[in-house]
Amino acid sequence: MSSVDAEPTTEESVASDDLRSGLVAAFEEELGDAVVGSHVREGIDVWVRVEAEAWRATGEFARNKLELTFFDFLSAIDWMPSPFGRYEDAEVDSPLAEKLGQPYELETGYAGGDSRFQLLARVFDVRQHHVGVTLKSDVPDDTMAMDSWVRVYAGADWHERETWEMYGIEFVGHPDLRHIYLPTEFEGHPLRKDFPLLTRVVKPWPGIVDVEPMPGEPEGDGDEETEGEAE
């Protein structure tokens, strides 16, 4: 077993757990009721969820007071189950409009959540304790807007642009929200669960429908008919 895969000893686990629990306590002391959820995996990781109004203040506290100065990433997640499934019933007249209107139960990850879209960011202390924390916040459904972290972590610039483009989340205070991947006239946000992957309407995900014979198997009837007609 490599050192990477090795389980931490009891002493190491307790120390790491105290460290991560201490981070949660520090956020709670600073932000008060704005901390609405948290989760600690002993000796492994920690998640802290805050109210949307406290998103920028959370980043500032993490960087300036807790010295979590290394910005890893910022992105979003859409917790809505895909109404399209995996396109195994992708007939042309499939009632997709009805599927889009169906209610669903919201199931979120660690530290919980109350909205369809969540923002999440990962920051690290790389100087002293070498520990990271995942910060999360529910994106308001009515505004789909969050404060920008660009003035706090400069590295958030590109990540916020990508999140805005792919999910449609606005970042208030971002200096230059513009497309990275998509043409300016493109409509929709491709990483939302209600955005159809049209290529999979035409051809389902591999493994759902076998459209080609396996190596060594004879050709199907359709291929034989085609060969006969060619002769």
Potential lengthening between E67 and D141 on full extension [0.36 nm per residue; Cα-Cα distance subtracted]
23.5 nm
I need the semi-axes of the equivalent ellipsoid of the stretch 10-195: take the C-alpha gyration tensor, multiply each eigenvalue by 5, square-root it, list largest first in whole angstrom.
33, 20, 14
Taking the Cβ-Cβ separation of L106 and D176 as r and a Förster radius of 45 Å, what is the calculated FRET efficiency to the nearest 0.05?
0.85
Where in the stretch 150-166 does the label zone of R192 land, with the point 7 angstrom along Cα→C-beta and an amide N cut-off under 11 Å?
166
Restricting to Cα pairs below 8 Å that are 6+ residues apart, what does the relative contact order work out to for the stretch 10-195? Please round to a whole percent.
22
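A short reminder: the numbers here are calculations on the coordinates, not readings from a lab. Here the structure is a predicted model, which is why all the values come from computation and not from measurement. Here Cβ is always computed from backbone atoms with ideal geometry, including for glycine, and neighbour counts include all displayed protein chains.
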